[in-house]
Amino acid sequence: ERGGYPHFMLKEIFEQPTTVENTMRGRLILEEGFSKLGGLNIPKEELLAVDNIIITACGTSWHSALIGEMMIEELCRIPVEVEYASEFRYRNPIVTPRTLCIVISQSGETADTLAAMREAKRRGARTLGLVNVVGSTIAREDDGGIYLHAGPEIGVASTKAFTSQVVALALFTLKLARLRDMSVERGRELAQALAKLPEQIQSILDRAGEIEEVAEEFKRASNFLYLGRGYNFPAALEGALKLKEISYIHAEGYPAAEMKHGPIALIDEMMPVVCIAPHDSVFDKITSNIQEVKARKGKIIAITTRDEPSLAGKLDYEFRVPETVDLLTPILASIPLQLLAYYIAVKRGCNVDQPRNLAKSVTVE
Ligand code: F6R
């Protein structure tokens with residue numbers, strides 16, 4: 001049932017070209033630069049009247065929410081708030097009839113997320129569920145939804161559900177932006193970038209062996225830092241969470257420029273620092289952060305997209321991912337980070353599919 005893979009987690013990582021494709025199937029209209037989301041269940045007028053969005057989730061799903069926030073704010077110009085589901089209910093949140101509450105959950109059963117959705121509903125928001133498990137409680141109780149269609153995720157560490165969540169958020173953003181003021185050309189550009197993802201993910205997976213070598217080098221580390229900016233700050237948080245939960249190595253994700261406000265004190269030659277640095281709009285900024293880390297002798301593992309003269313000799317390890325539009329870069333950056341966490345955990349003898357103290361679906365508050 002693991003399809004020849006030693007663990008469900010590895011199988012699920014390798015399924016991503018297909019699962020990402022499945023999330024888009026029948027929904028992406030390339031010629032029109034548009035997306036069709038049959039389950040949204042919101043009349044167009046009502047969707048256009050939405051003046052604020054709250055996205056609520058836990059864990060990995062909360063990380064995809066942060067990426068969604070950036071996408072929606074950039075392309076739809078609607079204010080978005082991301083809330084941990086467990087915090088949302090207890091702070092008298094501002095919800096109006098023009099609030100759309102997006103709820104993200106792989107399982108559709110997470111107790112805190114379900115409770116947050118019920119609270120948003122009670123306060124008059126319209127709810128939209130991004131859920132993987134068909135017929136789960138959140139999927140049954142939301143007003144409308146976008147199923148992820150990633151197939152069953154068995155490994156406790158979420159991988160393929162995460163990339164599908166980000167794709168679903170991009171499809172939603174595309175739809176809303178095009179209904180508002182995004183041009184057909186820009187819509188097409190995003191649609192085409194989405195359509196290329198499966199093949200790009202496959203090209204990364206074909207080079208998994210390179211990541212396994214990096215894992216061998218760093219498997220004995222007791223701390224890791226993950227740095228990213230813009231769309232890849234949430235990818236840094238997610239990379240750190242993957243490593244923590246399955247290898248039990250302490251790891252933290254930071255927006256790269258926050259380093260100098262404290263965490264840089266942690267850096268010495270024993271500290272591996274994973275820097276997510278695709279060639280996007282904040283690339284120049286992150287290269288200077290990389291130099292700050294290198295000047296303190298940190299070990300740099302960089303995720304990049306092209307040759308960069310200013311970084312020559314500064315990177316201890318470099319893994320290239322294909323280029324895409326800024327908002328989709330965290331999807332491609334996440335794949336090597338999932339693999340890194342996986343290989344390190346396996347090399348440390350950890351039970352990657354069932355890490356200690358964790359359950360696949362957290363049904364207690
Ligand atoms: C991490 C992980 C958890 C879940 C979280 C929410 O790999 O799997 O952080 O993301 O428990 O679960 P769902 O998405 O099922 O609501």
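Values in this text are rule-based calculations from the coordinates and carry no lab data. In this text, all values refer to a predicted model and were calculated from it rather than measured experimentally. Because the Cβ atoms are built from the backbone with ideal geometry, glycine has one as well, and the counts that use them run over all protein chains shown.
What is the residue count in the range 121-137 for residues that are within 15 Å of the ligand (Cβ to nearest atom) and not in a strand (DSSP E or B)? Here the count works out to 6. All but one of (1) part of a helix (DSSP H, G or I); (2) more than 23 Å from the chain's Cα centre (by Cα) hold for Met182; which doesn't? So the condition that Met182 fails would be (1). Within the range 74-92, the residues that satisfy the criterion of being farther than 20 Å from Gly145 by Cα, away from the ligand (no atom under 16 Å from the Cβ), assigned to a helix (DSSP H, G or I) and not basic (Lys, Arg) are Glu74, Leu75, Tyr90. Restricting the range 138-162 to residues that are in contact with a Phe, Trp or Tyr (Cβ under 7 Å, 6 or more places away or on another chain) and more than 19 Å from Gly38 (Cβ to Cβ) leaves a set whose member that is farthest from the ligand (Cβ to nearest atom) is Ile154.
The residue list Val325, Val346, Val293, Val274 contains one member that is more than 18 Å from Ala240 (Cα to Cα) and not polar (S, T, N, Q), which is Val325.
The number of residues in the range 200-227 that are of a type in the set (Phe, Trp, Tyr) and under 23 Å from the mean Cα position of the chain (by Cα) comes to 2.
Scan the range 143-162 and give yes if some residue there is β-branched (Val, Ile, Thr) and part of a helix (DSSP H, G or I), otherwise no. The answer is no; no qualifying residue exists.
Selection of the range 293-314 for residues being surrounded by 18 or more Cβ atoms within 10 Å (Cβ to Cβ) and either without any contact (Cβ under 8 Å) to a residue 40 or more places away in the chain or in a helix (DSSP H, G or I) (or both) yields Val293, Lys294, Ile300, Ala302, Ile303, Thr304, Thr305, Glu308, Leu311.
Would you check if there is a residue in the range 4-15 being surrounded by fewer than 18 Cβ atoms within 10 Å (Cβ to Cβ), within 20 Å of Ser164 (Cβ to Cβ) and more than 14 Å from the ligand (Cβ to nearest atom)?
The answer is yes; a qualifying residue exists.
Answer yes if at least one residue in the range 230-240 is at positive phi and of a type outside the set (D, E, K, R), and no otherwise. Checked the range 230-240: at least one residue is at positive phi and of a type outside the set (D, E, K, R).
Every condition in (1) within 16 Å of the ligand (Cβ to nearest atom); (2) of a type outside the set (Val, Ile, Thr); (3) touching a helix residue (DSSP H, G or I) at 6+ places or on another chain (Cβ under 7 Å) holds for Glu308 except the one numbered (1).
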